[in-house]
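Below is one structure, written out as structure tokens; the observations come after it.
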Amino acid sequence: MKRISLALLCMMISLFRVSAEEGMLIPSVIKAFEDDMRAMGMKLSAEDIYSVNKSSMKDAIMHFGGGCTAELVSDRGLLLTNHHCGYSQVQSHSSLENDYIKYGFWAKTLAEELANPSLTAARIVRIEDMTKAVFFGTQGLSGQAYDDKVKSNIKTLIEDATRGTHYEASIKPFNYGNEYYMIVQEVFKDVRLVGAPPSSVGKFGGDTDNWVWPRHTGDFSVFRIYAGPNNMPAEYSPSNQPYKPLHFFPVSVKDRVPGEFTMVYGFPGTTEQHLSSEHLRYIMDTERPARIAMRQESLSVIDASMRSSDLLRIKYASKQASIANGWKKWIGQIGGLQTVNAIQIKLDREKIYLDMANSKPEWKLKYGGVIEEMNKIVALYKGSDFAYGMAIEYMYVGAESFKRARGIEKFMDEFESYLDKDDLSKAIEDLRKDAKGFFKDYDEMTDRKIFVKTTEEYIRRMEKNGMSDLLKSKSAEEWANDIYSNSVLTNEARFDAFLNRLNDSTLSHFVASDPAYLLWKGMSADLYENVIPQVRLFNGLMDQQLKVYVEGKLEMFPKDKHWADANSTLRITYGKLEGSAPHDGMAYTEHTTLRGILDKNNTGEADFELLPDFRALAESKDYDGYDQDGELWVCFTGSNHTTGGNSGSPVIDAEGNLMGLNFDRSWESTMSDFMFDADRCRNITVDIRYVLWIMDKYAGATNLVDEMTLVKGKKKKKKKCRKSKC
Ligand code: ARG
Ligand code: GLU
């Protein structure tokens, strides 16, 4: 009999005693949870969910653009994900003449679907426990020799797994290296935009409602995967055909019942459930507040610019959304962790861990010192970690003059090697193209203001931490005057002129004197030479301790539920359709309706604006059978443990039908990245019936609705009239 890994065994033993909600489970071991899921109402078998022998649900789930999740809903490659996941694609196809952000976009034929260079969708072929194979031959090794052996084992295993196939594979550590799994995937490269609602639907509630319940966001967009000959992944080509999937989700238009089983299947990015108390304290008290403050500065500028003109609104829409998203989540996380007194909970748990370790000499030896060690590592390295976080905020999230400098750096470094004239003109052409894309969504005045504000904040926060002397040599205003009046990187005309007369001498002059370039070079040298090596050390040392700490949890507490932190691999979480009551004297119901959209719109707030035709349709109450008891559900919550990356994930009912698309968590839940609280934590889903109603009644995209398989429930649905047939 195949031997089962220790962790898996622990999971299997303990799983019947614990709450179903916490945890993100690895699909290939879902069999161990089948009974529990069935007890909660699930009608499917583990094989229906994940199988390598036959097509299963996992084949309908795609890792979308490497950061979100998407699911197939037709036999012609139709793919649903969130509006915010497809937002940069919608934005890239938008202009003042074709404002798809504002009015939406709907391809009525395959020919109208829009290509998106570099967008990918990946299907998981299989997930395999490789722990033993990765550790093979490492007995007795330590340090570099051990690392090298593990690395070479991984390399060989990946080569063996992909030889002669078009698949890609990776082997990732789970539980900080207590286990290793191989993920084999098939990556599709021709993914076209099919439809998106107006932002007033897809981003309804904007930042006011982001991370908040009650919610009314129609957060969906529609894509299609195309394949080359033999249904195989291929680069974009007009001759590619819609992909024929192994599985696609039927779509449930049945009535929902509070308490019914729900499951979320997708690619959660990162969770950090095992941080030590001091580590969490540092994040809550120091690191997050500083990063929040940096973003606050950028956002105050961007928000004002976006309000000032339609052009700036379009240019900055996608950037604003991504900066604001992290900013607001962090505020919610800290609030939640403070409310539940997370540090005290950690301390209590650490005491239990330590008491247990001290109860047996061999445990004491292995696990008795690990918590203290983790806290020590935090104390030693938190300065570097802080400098790193601030550098990310300042140089990578803040003013884009840094981004432009990064964009040209490789060219500058390699200039000497362009002896061949053709190579040089090609490199210049690439630069030109890259700059065109950059300046399309850039505004000099906005960037200047962001630069001044974030520089001031950065200097204030880093004063005691040590920072590059170069930056300190001038005030933020002085830097800005120099950079935004003289640098070729911050102005399109100057940049073009620079490229047009590029030669050895103009280039040397640039490298020696361009202020934006010099600042970037100085700051990044500091980051790469002084900060990043320390942060690598920090993470490496901490991961070593986390490996021991988690091993201790698995060994000493076999009856607890254990799950590996999210690491952007495919996971399953299950729970119920349910509301919550995170505040004294207040309860959140489990769903919202179209009526709430009109109520919010009546407040007159900018984030609740609607297009007049949408408002008119909503007021007409023409639900066309997509309603439940006379109300059109818009969003609902569930007790499924999700995180960033789960956006766009299918929320699946007991029979395997699609109920909606996961897109958020409530404000009180965001702490679940560090600590899950079953009473507070809820994921937010846009109901597929609202999605269908938008497509069908608002956008007239009946072609898309017709392409899907609708599963109707007990309730009789009105006979539908289509334009073509009645
Ligand atoms: N909070 C959700 C997530 O983390 C949705 C973000 C998009 N919406 C927004 N208003 N920025 O991705
Ligand atoms: N909106 C998030 C995403 O893009 C999902 C929400 C969450 O973090 O739970 O993945």
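The values are calculated or read from the model by the stated rules, or taken from the named source; none is laboratory data. Computed from a predicted structure; not experimentally measured. Cβ coordinates were reconstructed from backbone atoms using ideal geometry, including for glycine residues, and neighbour counts include every protein chain displayed. Accessible surface is based on the protein model in full, side chains and every heavy atom, while ligands, DNA and RNA are left aside. Shrake-Rupley method; radii C 1.70, N 1.55, O 1.52, S 1.80 Å.
Placing unit charges on the Cβ atoms only, positive for Lys and Arg and negative for Asp and Glu, gives the range 529-668 a dipole magnitude near 720 debye about its Cα centre. Checking the cross-link pairs Lys151/Lys366; Lys254/Lys576; Lys203/Lys436; Lys31/Lys58 against a 20 Å limit on the alpha carbon distance flags Lys151/Lys366; Lys203/Lys436 as lying beyond it.
Classified by the C-alpha gyration tensor, the range 591-726 has an oblate form. Its axis ratio a/c, with a ≥ b ≥ c, is 1.5 or above, and a/b does not exceed b/c. Shape class for the chain, computed from the alpha carbon gyration tensor (a ≥ b ≥ c): rounded, with a/c under 1.5. Cross-link reach is defined here as a Cα-Cα straight distance under 13 Å, omitting same-chain residues fewer than 8 places apart; for Lys172 the aspartates and glutamates meeting it are Glu128, Asp129, Asp565.
Checking the cross-link filter: which aspartates and glutamates have an alpha carbon closer than 17 Å to that of Lys360, excluding same-chain neighbours under 8 positions apart? List returned: Glu350, Glu551, Glu555.
Around the Cα centre of the range 251-315, unit charges on the Cβ atoms of Lys, Arg, Asp and Glu (plus for the first two, minus for the last two) sum to a dipole of about 260 debye.
Surface exposure of the chain, expressed per residue as accessible area with a 1.4 Å probe, stands at 42 Å². Per-residue ellipticity at 222 nm from helix content only, as computed over the chain with -39500 (n - 2.57) for each DSSP H run of at least four residues, stands at -13500 deg cm²/dmol. Taking the accessible area of the range 468-607, probe 1.4 Å, and keeping the other protein chains in place, the carbon and sulfur fraction comes to 49%. Shown here for the range 162-198: trypsin sites (Lys or Arg not before Pro) in loop regions (DSSP other than H, G, I, E, B) with at most 11 other Cβ atoms within 10 Å, namely Arg163. Screening the chain for DSSP H helices whose Cα atoms reach 27 Å or more along their own axis and whose mean Kyte hydropathy is at least -0.5 gives 288-308, 310-339, 370-391, 532-556. Modelled spin labels at Arg432 and Arg307, positioned 7 Å past Cα toward Cβ, are 4.1 nm from each other. When all protein chains stay in place and ligands, DNA and RNA are ignored, the 1.4 Å accessible-area order of Arg76, Arg432, largest first, is Arg76, Arg432. Once the dipole of the range 261-409 is set up with Lys and Arg at +1 and Asp and Glu at -1 on Cβ about the Cα centre, which of Met294, Ser305, Leu337 lies farthest towards its positive end? The residue sitting most towards the positive pole is Ser305.
Restriction of the GluC sites (Glu not before Pro) in the range 220-297 to DSSP coil positions whose beta-carbon has at most 12 other beta-carbons within 10 angstrom yields Glu235. Counting lysine pairs in the range 312-358 that sit 8 or more residues apart in sequence, or on different chains, and whose Cα atoms lie under 30 Å apart gives 7.
Taking the protein heavy atoms of the range 257-370 in the context of the full set of protein chains, the accessible area attributed to carbon and sulfur is 56 percent at 1.4 Å.
A simple charge model with +1 on the Cβ of Lys and Arg, -1 on the Cβ of Asp and Glu and nothing else charged puts the dipole of the chain at about 1720 debye relative to its Cα centre.
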